[in-house]
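**Q** Sharing a structure below in structure tokens format, with a few things to ask.
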Amino acid sequence: MTQFQSATFEFAANALDSFQIEIPSWGFANTGTRFGKFVQAAAASTIEEKFADAAEVNRLTGATPTLALHVLWDLPNGIEDVSEVKALENRFGVRSGSINPNLFQDQEYKFGSLCNPSESIREQALAHVLDSIEIARALDSRDISLWMADGSNYPGSQSIRRRIGWLEEAMRTIHDNLAPGLRLLVEYKPFEPAFYHTDIADWGMSSHFARMAGPHARVLVDTGHHYSGQNIEQIVAWLLHTGMLGGFHFNDRRYADDDLTLGSIDPYQVFRIFHEILVAESDGLQLDVAYMIDQSHNLKGKVEAMVQTVVTAQELYLKAALVDREQLAVHQQSCDLVAAEELFRGAFWEDVRPLTVAWREARGLPADPLAALRASGYVERIALERGSRLGTVVSYA
Ligand code: RM4
Ligand code: MN
Ligand code: MN
């Protein structure tokens, strides 16, 4: 290695060492669309299998030490299931990550959860969030990640403003009950399942509720939860500027909340998001950004798709890290548009794969995680072990 090459390697290695991304338990389970499900023999259907798959992804990539859990799907008995989860953490060397309450599956939530006109249903939803906080406390999680499906389908059928008031009230109570060190992340989504109005439809509404809640609440940006053409990195820049950025649910989209593999449609978008965060860090902002994947792989093999996603995230993060931010600032200041754009795009077009391979080798990780997964026979083995249960599809996500 020349001196220049080794300096670049050191820089890249530092960037990759600092980058970790959380994977979702539901990304290993059978999923489908509203038209049907294509079940996979290797899909996980127990919490133990999800931890096993997460451990395999972490073994191959070295970047996914935590697993996001969805309370109803993963801890159906609530706090009683915590001891089992703790045993799995020890056995598989993967920790529990964000805790996701489920406010959309029970029949009671037909007209909403925390925004339901019925006080008793609102209370039921709140109790579930408070139980989820207890679970997060017991598992020493950093974040409670709140996504609500609440909304309405027809104009005039609900009072939008009354629902805002109910949600503000709930947010305050939730925040008052947060365990020390725990954060509340508030996710937004423009539509689906509600198709007329959604109670938390965009980052402005999320920011409002997070502020109303209190100092430990932040906004969660799910990249799939935007209208086509929205400038997501601008939203990220605003959240950074206002101190409200809590984390991401990464996935890619072409039309709506498609939950496609990160970077499969628009890798440049992801690069631009990472760049905004890295600039903010260079500017000295103190950040605590939770990078998480929120994908369900309907057709691809689940473990394979997860490894592919993590590798893609690492590559895009590294590309963004390679932007010469000092020089870029000079071009921006002098309004040298083409020089600025070329510098920026140049980093995106850089082939960072040799650097990621060198980093993996230096860290004792497989040089090619996807090839290593295939060579390991892991997927064939779990398909044999789990395949006999085909047909037991438990969840949407
Ligand atoms: C939602 C949202 C949530 C996720 C569910 C399964 O669209 O993205 O974060 O928990 O899907
Ligand atoms: Mn999400
Ligand atoms: Mn989603």
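The values are calculated or read from the model by the stated rules, or taken from the named source; none is laboratory data. Computed from a predicted model, the values in this text were never measured in an experiment. With ideal geometry, Cβ positions are generated from the backbone for all residues, glycine too; neighbour counts draw on all protein chains shown. We work out accessible area using only protein heavy atoms, side chains counted, and drop any ligands, DNA or RNA first. Shrake-Rupley method; radii C 1.70, N 1.55, O 1.52, S 1.80 Å.
**Q** Just to be sure, is Leu337 surrounded by fewer than 18 Cβ atoms within 10 Å (Cβ to Cβ) and within 28 Å of Gly36 (Cβ to Cβ)?
**A** no
**Q** Checking Trp26 against (1) over 18 Å from Leu316 (Cα atoms); (2) in a loop (DSSP other than H, G, I, E, B); (3) out of contact with any Leu (no Cβ under 7 Å at 6 or more places or on another chain); (4) not basic (Lys, Arg), which single condition isn't satisfied?
**A** The failed condition is (2).
**Q** Of the residues Leu75, Leu60, which is of a type outside the set (Lys, Arg) and in contact with a strand residue (DSSP E or B) (Cβ under 7 Å, 6 or more places away or on another chain)?
**A** None of the others qualify; the one that does is Leu75.
**Q** Out of contact with any strand residue (DSSP E or B) (no Cβ under 6 Å at 6 or more places or on another chain), surrounded by 18 or more Cβ atoms within 10 Å (Cβ to Cβ), outside any loop (DSSP other than H, G, I, E, B) and aliphatic (A, V, I, L, M), is that true of Ala52?
**A** Judged against the criteria, Ala52 is a match.
**Q** Still on this structure: Would you pick out the residues in the range 134-156 that are touching a helix residue (DSSP H, G or I) at 6+ places or on another chain (Cβ under 9 Å), more than 16 Å from ligand 1 (Cβ to nearest atom) and under 17 Å from Phe195 (Cβ atoms)?
**A** Answer for the range 134-156, where residues must be touching a helix residue (DSSP H, G or I) at 6+ places or on another chain (Cβ under 9 Å), more than 16 Å from ligand 1 (Cβ to nearest atom) and under 17 Å from Phe195 (Cβ atoms): just Ser152.
**Q** When the residues of the range 246-278 are filtered to those that are closer than 26 Å to Arg211 by Cβ and hydrophobic (A, V, I, L, M, F, W, C), which remaining residue is farthest from ligand 3 (Cβ to nearest atom)?
**A** Checking each candidate, the answer is Leu278.
**Q** Do we find that Gly181 is small (Gly, Ala, Ser) and closer than 16 Å to Ala201 by Cα in this structure?
**A** For Gly181, the condition - small (Gly, Ala, Ser) and closer than 16 Å to Ala201 by Cα - is not met.
**Q** In addition: State all residues of the range 18-57 that are without any contact (Cβ under 8 Å) to a residue 12 or more places away in the chain and not β-branched (Val, Ile, Thr); if no residue qualifies, say none.
**A** The answer is Ser18, Arg34, Phe35, Gly36.
**Q** From the list Pro215, Pro193, which residue is open to solvent by 10 Å² or more (accessible area, probe 1.4 Å) and within 13 Å of ligand 3 (Cβ to nearest atom)?
**A** Every option except Pro193 fails the conditions.
**Q** So in the range 168-218, with the set limited to residues that are in a strand (DSSP E or B) and under 23 Å from Tyr109 (Cβ atoms), which one is farthest from the chain's Cα centre (by Cα)?
**A** Restricting to residues being in a strand (DSSP E or B) and under 23 Å from Tyr109 (Cβ atoms), the top hit is His197.
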